[in-house]
Each structure stands twice: as C-alpha cells, then as structure tokens.
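Chemist: Here's a structure for you.
Every read-out reported here was derived from the displayed coordinates using simple, explicitly stated rules and does not represent laboratory data. Keep in mind that this is a model prediction, so the values were computed, not measured. Reconstructed Cβ throughout: ideal geometry from the backbone, glycine too, with neighbour counts over all protein chains shown.
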Amino acid sequence: MHMQMDWIWGLIGGGIIGLAGALFLLVNGRVMGASGIIGGLVDGSGRSNAGERLSFLAGLMGAPIVVVLLSGWQPESNVTGNIAALVVGGLAVGIGTRLANGCTSGHGVCGISRLSTRGIVATLIYMAAGGVAVTLFRTILGVV
Amino acid sequence: MRNLFSALSGILFGVGLMLSGMTDTDKVRGFLDIFGAWDPTLMFVMGAALIPMALAWLWAEKRSPVLGGNFPARSEPEITRPLVLGSILFGAGWGLAGLCPGPAIASLGFGGTGVWIFGISMLGGMALAPALRVRLDAMAPSS
C-alpha cells in the first residue's frame with residue numbers, strides 16, 4: 001500500500017517536473033538543468049542572465065518552504081549525519097556535474113527526452129556509478 | 001518577464017521534486033541500490049517527467065521561444081573524457097549523499113543542516129571545476 005502511494009506521488013511529482021522543464025524551454029528558450037543554472041553563477045559564465053538564474057533558484061528553494069508552511073506536511077529528507085559523506089558527496093557532485101555539463105535534470109530529463117546521445121550516455125554512467133557507490137558505502141561499509 | 005517565468009519554472013520544479021520523493025535521500029539511495037533491495041519509485045518520476053518534456057521538444061522543432069531568442073542547439077554526439085569522468089564523479093557523490101543539485105536546493109528550507117553542508121560543498125566543487133577541466137583538456141588534447 002505504502003509502495004503503491006509512492007508510485008502515484010512519483011508520477012504526479014515527475015509530471016510537474018516535466019512541466020517545469022517544458023515551460024522553461026518553450027517560454028525562456030532554455031534547458032532546465034539545475035547544475036548548469038547554479039554553476040553559471042558560481043564560475044561567472046552565466047553572468048549575462050544572472051537574474052533569470054537567481055529567480056529560478058529562488059522559486060526552487062522557496063516553493064517547498066511555502067508548501068510546508070501551508071500544509072503542515074514535513075517531508076522526509078533522511079539526510080545522513082555523516083558530515084564527511086556530505087562534504088565529499090557535495091564536492092563530487094559539484095565537480096562532476098560541471099565537468100559533465102549536466103546532472104539529473106539537464107542530462108536526465110531534458111537530454112533523454114530529446115534523445116541526446118550525451119544525455120543518455122551521461123545518465124547511464126551516473127546511475128551505474130551511483131549504484132556502485134550505494135553498494136560500497138551503504139551495503140558494504142555502512143557509513144551512510 | 002523572463003525572470004517571472006523563470007521563477008515559475010523553479011516553483012514547479014521545487015514542488016515536483018518534493019512531491020515525487022526526489023528530496024528523500026533514502027528513496028534516492030533505494031533507487032540506486034540496483035544490486036540490493038531496489039526501489040523503483042524514481043523510475044516513475046523520470047518516466048512521468050520525460051513525457052511533457054519530449055512533447056515540448058517536438059513542439060519546439062519549427063518554432064521559437066515565446067520570449068524570443070533561439071532554442072538551444074543540439075550538442076555534438078561526442079562522448080568526451082570530461083563527460084565520462086564527470087558523470088562517474090557525480091554518480092558517486094549522488095549515491096554517497098543521496099542528493100543531486102536540484103533536490104539539494106529544493107530541500108534547503110526543510111532538510112536540516114546536512115543539506116546546507118552538502119550545498120556549500122557542492123558550490124565549492126563547482127568553483128573548482130573550471131580549473132580541473134583545463135587540466136583534463138591539457139592531458140587529452142583530443143577531447
């Protein structure tokens with residue numbers, strides 16, 4: 001039962017994520033890639049459209065806060081208490097997504113839906129690497 | 001106008017990530033646990049997200065963006081060294097912390113200090129990436 005509800009929420013949430021990407025593409029003419037939007041502000045490559053990036057990030061961070069305040073629902077995040085894992089994981093995600101030019105949203109959602117070779121290859125690689133990492137760090141070492 | 005629609009996309013993205021379970025690091029690790037007790041929920045998230053997005057790409061084919069400019073050009077189907085190495089690093093960090101860039105920003109407001117530690121570290125990694133890319137390119141002139 002619990003699992004079944006998860007699937008339904010997965011479909012609903014996923015559909016909304018797809019609408020967000022479709023809106024950003026059709027109206028603003030841009031690919032909705034989270035790592036690219038953030039990274040362009042960090043390394044200065046996105047200075048020319050910083051306003052667009054900051055508005056996107058404000059909506060992305062602000063909307064869940066409003067949902068929590070209005071609904072009283074406290075979503076699970078289950079973030080690990082292992083600080084080293086968070087620091088190393090954050091660094092790897094930051095460096096990796098910028099080297100690869102994309103993450104789950106850019107290469108995954110926006111790339112696969114366009115049948116982009118780079119998007120499909122990147123998604124297969126980061127999912128496989130994620131599988132290995134979970135097996136190593138959670139199943140074998142038990143650190144997260 | 002651009003900023004308004006940008007914020008609207010961000011809002012939809014944040015709500016979608018939150019409802020779908022993508023901000024629950026246990027669900028993400030459960031999905032990545034392909035050699036263990038695999039949780040397929042995030043497959044449904046990805047599948048559902050691809051439908052509106054694929055329709056948008058089709059619609060975009062012979063048109064221009066509503067607010068002007070051009071749609072992003074298709075990238076060369078070139079599998080470069082930074083794409084492969086970067087994706088390996090990204091996947092490893094995603095599996096370790098259970099967070100990727102979008103859900104990390106979306107859960108800053110409700111996920112506790114751990115999300116902030118991850119987020120600040122991620123920004124640091126993004127700041128380091130251009131210098132690393134230069135070195136990577138110097139090592140392999142072909143890519």
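Chemist: I need the full set of residues from the stretch B:67-92 which are within 20 Å of A:ASN49 (Cα to Cα), of a type outside the set (A, V, I, L, M, F, W, C) and at the interface with chain A (Cβ under 7 Å from one of its Cβ atoms), in order please.
Modeler: The answer is B:GLY69, B:ASN70, B:PRO72.
Chemist: I'm trying to understand the selection: among the residues of the stretch A:46-77, which are within 20 Å of A:VAL143 (Cα to Cα) and buried (at least 17 other Cβ atoms within 10 Å of the Cβ)?
Modeler: Within the stretch A:46-77, just A:SER77 meets the criteria.
Chemist: Identify all residues within the stretch A:20-35 that are buried (at least 23 other Cβ atoms within 10 Å of the Cβ) and not in a loop (DSSP other than H, G, I, E, B); write none if there are none.
Modeler: Hits for the stretch A:20-35 are A:ALA20, A:GLY21, A:ALA22, A:PHE24, A:LEU25, A:ASN28, A:ALA34, A:SER35.
Chemist: Can you tell which of B:SER6, B:SER64, B:SER20 is of a type outside the set (A, V, I, L, M) and more than 7 Å from every other protein chain (Cβ to nearest Cβ)?
Modeler: Just one listed residue meets the conditions, B:SER64.
Chemist: Taking A:LEU91 and the conditions (1) within 22 Å of B:PHE13 (Cβ to Cβ); (2) within 7 Å of another protein chain (Cβ to nearest Cβ), which numbered condition does it fall short on, given that it satisfies the others?
Modeler: Of (1) within 22 Å of B:PHE13 (Cβ to Cβ); (2) within 7 Å of another protein chain (Cβ to nearest Cβ), only one is false for A:LEU91: (1).
Chemist: Is it true that some residue in the stretch B:101-117 is touching a Leu at 6+ places or on another chain (Cβ under 6 Å), surrounded by fewer than 21 Cβ atoms within 10 Å (Cβ to Cβ), over 24 Å from B:ALA7 (Cα atoms) and not charged (D, E, K, R)?
Modeler: Checking the stretch B:101-117: at least one residue is touching a Leu at 6+ places or on another chain (Cβ under 6 Å), surrounded by fewer than 21 Cβ atoms within 10 Å (Cβ to Cβ), over 24 Å from B:ALA7 (Cα atoms) and not charged (D, E, K, R).
Chemist: Same structure, new question: Does A:ILE83 satisfy being touching a Gly at 6+ places or on another chain (Cβ under 9 Å), under 23 Å from A:VAL42 (Cβ atoms), surrounded by fewer than 16 Cβ atoms within 10 Å (Cβ to Cβ) and of a type in the set (Val, Ile, Thr)?
Modeler: So A:ILE83 fits the description; yes.
Chemist: Among the residues of the stretch B:23-46, which ones are hydrophobic (A, V, I, L, M, F, W, C), at the interface with another protein chain (Cβ under 7 Å from one of its Cβ atoms) and surrounded by 24 or more Cβ atoms within 10 Å (Cβ to Cβ)?
Modeler: Hits for the stretch B:23-46 are B:LEU32, B:VAL45.
Chemist: Testing A:ILE38 on (1) more than 7 Å from chain B (Cβ to nearest Cβ); (2) in contact with a Lys or Arg (Cβ under 8 Å, 6 or more places away or on another chain); (3) not hydroxyl-bearing (Ser, Thr, Tyr), one condition comes back false. Which one is that?
Modeler: If we test A:ILE38 against (1) more than 7 Å from chain B (Cβ to nearest Cβ); (2) in contact with a Lys or Arg (Cβ under 8 Å, 6 or more places away or on another chain); (3) not hydroxyl-bearing (Ser, Thr, Tyr), just (1) comes out false.
Chemist: Residues A:SER55, A:SER48, A:SER35, A:SER77: which one is touching a Cys at 6+ places or on another chain (Cβ under 9 Å) and among the hydroxyl-bearing types (Ser, Thr, Tyr)?
Modeler: Step by step, each of A:SER55, A:SER48, A:SER35, A:SER77 is checked, and only A:SER35 is touching a Cys at 6+ places or on another chain (Cβ under 9 Å) and among the hydroxyl-bearing types (Ser, Thr, Tyr).
Chemist: Kindly list the number of the only condition in (1) surrounded by fewer than 18 Cβ atoms within 10 Å (Cβ to Cβ); (2) touching a residue at least 24 places away in the same chain (Cβ under 8 Å); (3) at the interface with chain A (Cβ under 7 Å from one of its Cβ atoms) that fails for B:GLY95.
Modeler: With (1) surrounded by fewer than 18 Cβ atoms within 10 Å (Cβ to Cβ); (2) touching a residue at least 24 places away in the same chain (Cβ under 8 Å); (3) at the interface with chain A (Cβ under 7 Å from one of its Cβ atoms) applied to B:GLY95, the lone miss is (1).
Chemist: I've got another one for you. Quick one: is B:LEU83 farther than 26 Å from B:GLY111 by Cα, of a type outside the set (D, E, K, R), surrounded by 15 or more Cβ atoms within 10 Å (Cβ to Cβ) and in contact with a helix residue (DSSP H, G or I) (Cβ under 6 Å, 6 or more places away or on another chain)?
Modeler: yes
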